[in-house]
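Enquirer: One structure, pasted below without further comment.
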There are 2 protein chains.
Amino acid sequence: MHNHPKKPATIEDVARLAEVSIATVSRAISKPEKVAESTRKKVNAAIARTGYTANAMAQNLRRQRSHMVLVLAESISDPNFPGILTGLEKVANARGYGVLIGNTDGDVALEEKYLRFLSAGTADGLILLTGHLPVAGWPEQSKTLIPPAVAAATPVQHDNISYVCTDDRAAARIATEYLMSLGHKRIVYVAGPKGNVLSERRLQGYCDALSQASEPMSIWKIDGDGTSLGGRAAVERLFIRDTLPTAFFCFNDNTAIGVIGALQDRGYDVPDDMSVVGFDDIPFASNITPGLTTIRQPRSQIGEYAMTALLDRLAQPNAPTEGKELHGDLIVRSSCSVPKA
Amino acid sequence: MHNHPKKPATIEDVARLAEVSIATVSRAISKPEKVAESTRKKVNAAIARTGYTANAMAQNLRRQRSHMVLVLAESISDPNFPGILTGLEKVANARGYGVLIGNTDGDVALEEKYLRFLSAGTADGLILLTGHLPVAGWPEQSKTLIPPAVAAATPVQHDNISYVCTDDRAAARIATEYLMSLGHKRIVYVAGPKGNVLSERRLQGYCDALSQASEPMSIWKIDGDGTSLGGRAAVERLFIRDTLPTAFFCFNDNTAIGVIGALQDRGYDVPDDMSVVGFDDIPFASNITPGLTTIRQPRSQIGEYAMTALLDRLAQPNAPTEGKELHGDLIVRSSCSVPKA
DNA sequence: CCGCCCAATGAAAACCTTTACATAAGTCGA
DNA sequence: TCGACTTATGTAAAGGTTTTCATTGGGCGG
């Protein structure tokens, strides 16, 4: 425990102190069974005395592995992000990997900059939270040029990329069926941003449910943008019409919160006058009045699965890719009731 | 653009193609002015042809710098986290650094595990979002043994650690004065978790304001825990008393949301019957009813400052440490009004 | 007692850069 | 024309591991 505030100890220092070669020290650490008991003890003593920690950069260089994973996200502030990240981080940590954050803000240049982490070897693999293939070029290039990647939360179509996300279609169907079971006949789907894959998937589930109705129900979709302001705007536009829905199924909780706010402002009571269902179960869904009935996305689980898939892939580069869709539960709170008369 | 799906190109490949030495290639990249125009062109052509990207691990090893910063957080899900991280990430990226996330969950063992990133050289510096010195030992050890670190969001007392956070005391004072200016005489402070430094700082600001009152006002503090449930519980306890406050100043927005919820459940109107002020201005503060009046923490700015301080420190290891407190604005929404009668 | 095999260890190469130092070819002033 | 500088480039060391291959010595079957 001598305090040498000098340079950190290297494997050579340890070797010298233990009177063995550096190769033996290396082995004593990584494959203890390969070295004699007595030697191992000497080495461990020397390690303790020097306070030696293997230099990760040298290890990385030699092993050609950085043990880092790059997580590319469009927005760190997305309410789903922390939960997913928690899951990602948890298994990465457990398996000796570090998690590197890349916030792209939708900026392609930034995205490209981050991808250089991969070609430079700073990161071994990629978790895509962006919902799209990383920039140009990739799709055309040969399979092998694509770094190991897994898409999480939003599916991505590519032969060489696994994905894990919520089974939006099934979940949306469940949500819609719930409204139908309460007796609602006019249910509107408040969509997400134009062209958003998740919004399309949820729309399908909504349609699935409608198509099973005993008496025909018509598909009714209005635009939103995934924000609460978008939800408000959607409601405003609705009031120009002569007929109103009795229930709203919203692309996400943010939208639902906007919808509820706008309805309340108009003097409608939720759920007495109108029912609203969201999607995500963001932390605040339970904190608004009324408590929001919504679909819970298994965020942390999505993260865990995605990281597991990626790390497995790194260990087994030729393993086949797969798409995994996790079940999303309906969380019933108090934003829905039977339709008024 | 020949597609060699083989190994990535090394500096040697480039050198061979450009018919120069690897040293020249290295210089052509990092100090272009040191190499003749003609050579530079040849090198650049060769780089383009090979698709060369310098191997970061080799660079790191040689330069003894990983260009990574470890961000240690107690909980990724804290509503303040994304904003701070955004700021951190932004300047790190701009200055060529990567951001590594470590989620400790308050687990000391995990924290220690992450700190090994520093001793192993995986990260050059540390951003502390945990509010405390990293685990045991450090405080006693000599200055130089502490890796470059900056505390963000929660101040940390250590000679060798800079910190940047909101000026809680001043902000809390402003919030309290605002309530006083509306005419409130009985203002209660709903505290955060026991022993929380930030809660203490905000309490001080609250006291500062009270002590300036024209007619003496008494300090009234009740316990909370920083969650909305804690806020609810605090209100419940209050109702056992015979006298009630007319306004609540809460440790944070979560608490405030709980307080408002509990008051509403009891049949009180906010702000007509009771006023409530929060702290943080989390994204949902504007989405609840009534819109929450609160102090906005300059989250992103805190992150930017903290990262700047850390990176400056890495470049200038002997620069003095400093504590920086940023101004927090009062955001007036609709959770406050003049006291009844 | 001999040869074979195994276990334990060491020497050295490889991983890929950056950079201090050496060298070669000019430039320029005297 | 020569030496002193300058500029452009090359050589080789250094950075700290891991791992292959070679070496040594001992155990053991024949």
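The values are calculated or read from the model by the stated rules, or taken from the named source; none is laboratory data. Just so it is clear, the structure is predicted and the values come from calculations on it, not from any experiment. Positions of Cβ are generated from backbone atoms using ideal geometry, with glycine treated the same way; all protein chains shown enter the neighbour counts.
Enquirer: Would you mention how many residues in the range B:33-50 are within 13 Å of DNA strand C (Cβ to nearest atom) and within 16 Å of B:ILE22 (Cβ to Cβ)?
Expert: Residues that pass the stated criteria total 6.
Enquirer: OK, next. Could you tell me whether any residue of the range B:264-278 is of a type outside the set (Lys, Arg), within 14 Å of chain A (Cβ to nearest Cβ) and within 24 Å of A:ASN80 (Cβ to Cβ)?
Expert: Looking for residues that are of a type outside the set (Lys, Arg), within 14 Å of chain A (Cβ to nearest Cβ) and within 24 Å of A:ASN80 (Cβ to Cβ), one finds at least one in the range B:264-278, hence yes.
Enquirer: Shifting gears a bit: What pairs come out if I take residues in the range A:293-314 that are without any contact (Cβ under 8 Å) to a residue 40 or more places away in the chain and pair them with residues that are surrounded by fewer than 22 Cβ atoms within 10 Å (Cβ to Cβ) and outside any helix (DSSP H, G or I) whose C-beta lies under 8 Å away, six or more apart or interchain?
Expert: So the pair list comes out as A:ARG296/A:ASP329; A:ARG296/A:LEU330; A:ARG296/A:ILE331; A:ASP312/A:ALA319.
Enquirer: Evaluate the range A:102-111: report whether one residue or more is within 16 Å of DNA strand C (Cβ to nearest atom) and of a type in the set (A, V, I, L, M, F, W, C).
Expert: Taking every residue of the range A:102-111 in turn, none turns out to be within 16 Å of DNA strand C (Cβ to nearest atom) and of a type in the set (A, V, I, L, M, F, W, C).
Enquirer: Any idea how many residues of the range A:65-88 are over 16 Å from A:GLY98 (Cβ atoms) and within 9 Å of chain B (Cβ to nearest Cβ)?
Expert: Selection size over the range A:65-88: 8.
Enquirer: Kindly list, by first and then second residue, each pair from a residue in the range A:237-262 that is farther than 18 Å from B:ASN287 by Cα and away from chain B (no Cβ under 13 Å) to a residue that is acidic (Asp, Glu) and surrounded by fewer than 24 Cβ atoms within 10 Å (Cβ to Cβ), limited to pairs with Cβ atoms under 9 Å and residues at least 6 apart or on different chains.
Expert: The qualifying pairs are A:ARG237/A:ASP223; A:THR246/A:ASP273.
Enquirer: So for the range B:206-227 (the condition being at pLDDT below 95, more than 22 Å from the chain's Cα centre (by Cα) and closer than 26 Å to B:PHE81 by Cβ), does at least one residue qualify?
Expert: no
Enquirer: Within the bounds of the range B:96-108, is there any residue that is away from chain A (no Cβ under 12 Å) and at pLDDT below 95? Can you show your working first?
Expert: Looking only at the range B:96-108, we keep the residues that are away from chain A (no Cβ under 12 Å), and these are B:106, B:108.
Narrowing further to those that are at pLDDT below 95: B:106, B:108.
Yes, that holds for at least one residue.
Enquirer: What's the number of the condition B:SER66 fails, among (1) part of a loop (DSSP other than H, G, I, E, B); (2) without any contact (Cβ under 8 Å) to a residue 12 or more places away in the chain; (3) buried (at least 16 other Cβ atoms within 10 Å of the Cβ)?
Expert: Failed condition: (2).
Enquirer: Would you say B:VAL14 is outside any helix (DSSP H, G or I), within 14 Å of DNA strand C (Cβ to nearest atom) and more than 10 Å from every other protein chain (Cβ to nearest Cβ)?
Expert: no
Enquirer: Within the range B:279-294, restricting attention to residues that are crowded, with 23+ Cβ neighbours inside 10 Å and among the polar types (S, T, N, Q), which residue is nearest to the other protein chains (Cβ to nearest Cβ)?
Expert: The residue in question is B:THR294.
Enquirer: Within the range A:95-123, count every residue that is within 26 Å of A:ASP280 (Cβ to Cβ) and of a type in the set (Gly, Ala, Ser).
Expert: Count: 2.
Enquirer: Being within 14 Å of DNA strand D (Cβ to nearest atom), touching a helix residue (DSSP H, G or I) at 6+ places or on another chain (Cβ under 7 Å), more than 8 Å from every other protein chain (Cβ to nearest Cβ) and outside any loop (DSSP other than H, G, I, E, B) is the filter here, so list the residues in the range A:35-63 that pass it.
Expert: Residues satisfying the conditions are A:THR39, A:VAL43, A:ALA46, A:ILE47, A:THR50.
Enquirer: Still on this structure, please answer the following. What number goes with the only condition from (1) more than 19 Å from B:ILE295 (Cβ to Cβ); (2) crowded, with 24+ Cβ neighbours inside 10 Å; (3) not β-branched (Val, Ile, Thr) that B:SER214 does not pass?
Expert: B:SER214 satisfies all of (1) more than 19 Å from B:ILE295 (Cβ to Cβ); (2) crowded, with 24+ Cβ neighbours inside 10 Å; (3) not β-branched (Val, Ile, Thr) except (2).
Enquirer: Among strands (runs of 3 or more DSSP E) lying entirely in the range A:281-341, which contain 1 or more residues that are more than 22 Å from A:ALA256 (Cβ to Cβ)? Please lay out each step first, then the result.
Expert: Details: elements: A:293-296, A:323-326, A:329-331.
Result: A:323-326.
Enquirer: How many residues does the range A:230-250 hold that are surrounded by fewer than 16 Cβ atoms within 10 Å (Cβ to Cβ) and among the aliphatic types (A, V, I, L, M)?
Expert: Selection size over the range A:230-250: 2.
Enquirer: Just name the residue that is nearest to DNA strand D (Cβ to nearest atom) out of those in the range A:64-84 that are within 19 Å of A:PRO148 (Cβ to Cβ) and among the aliphatic types (A, V, I, L, M).
Expert: So, considering only residues that are within 19 Å of A:PRO148 (Cβ to Cβ) and among the aliphatic types (A, V, I, L, M), the one nearest to DNA strand D (Cβ to nearest atom) is A:MET68.
Enquirer: Taking the range B:21-32 as the search range and keeping residues that are within 12 Å of DNA strand C (Cβ to nearest atom) and surrounded by fewer than 20 Cβ atoms within 10 Å (Cβ to Cβ), which one is nearest to the other protein chains (Cβ to nearest Cβ)?
Expert: My answer is B:ILE29.
Enquirer: Can you name the residue in the range A:18-29 that is farther than 15 Å from A:THR53 by Cα and not charged (D, E, K, R) and is also farthest from DNA strand D (Cβ to nearest atom) among such residues?
Expert: Taking the candidates together, the pick is A:ALA18.
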